[in-house]
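Where a number appears in this text, it was derived from the coordinates with a stated rule and is not lab data. Nothing here was measured: the structure is a model prediction, and the numbers come from that model. Quick reminder, even Gly has a Cβ in these numbers, built from the backbone with ideal geometry, and neighbours come from all protein chains shown.
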Amino acid sequence: MTSRQTLLLLALLAAALSAAGFILEYGFGVLPCRMCWWQRYAHYGIFAVSLLGYLLPHPKAPLIASYPLILLSLTGLSLAIWQTAAQQGWLPFPASCTANPAQTLAEASNLLQAMSHTKIVPCESETFTLLGLSLAAWNIPAMLTTLALSAYALKPKPIK
């Protein structure tokens, strides 16, 4: 597989992960927590960078795209590991995970009304599990795959 084909595969994988998140959210009502959104941002970045690297005609575009893809994959992997470890009680959740204090203060005059319209999903609650694993736990092998593919795109391919 060429580096350009690897980037296309990465774009498709990131699009599938993003689509799955939206289907779970809008199709089945599984609301994401703050850490879930952070992981989605990594998916969006992987999609954008890999698609850009695939589409740009410069011969070194796949090589150049691989570096930010590795960083994005490591970021997504770190977040998935952190959330999974926190769900198991091994690490603490970030303080900002369950509420947005700035938004709460900005809406303090109408706090009860704002609370009735705002659904805050705490990170520690596993809103959906598949085969006994949370979505954050499933994101670990997904991010390991994107990391491996990103590193593979760095590997020089023999010219035929």
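Listing for the model above:
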read-out	value
Residues located in segment 25-60, provided they are over 30 Å from residue 86 (Cβ atoms), without any contact (Cβ under 8 Å) to a residue 24 or more places away in the chain and part of a helix (DSSP H, G or I)	52, 55
Criterion: in contact with an Asp or Glu (Cβ under 8 Å, 6 or more places away or on another chain) and surrounded by fewer than 18 Cβ atoms within 10 Å (Cβ to Cβ) - qualifying residue of 91, 31	31
Residue 61 within 19 Å of residue 152 (Cβ to Cβ) and loosely packed, with under 14 Cβ neighbours inside 10 Å	no
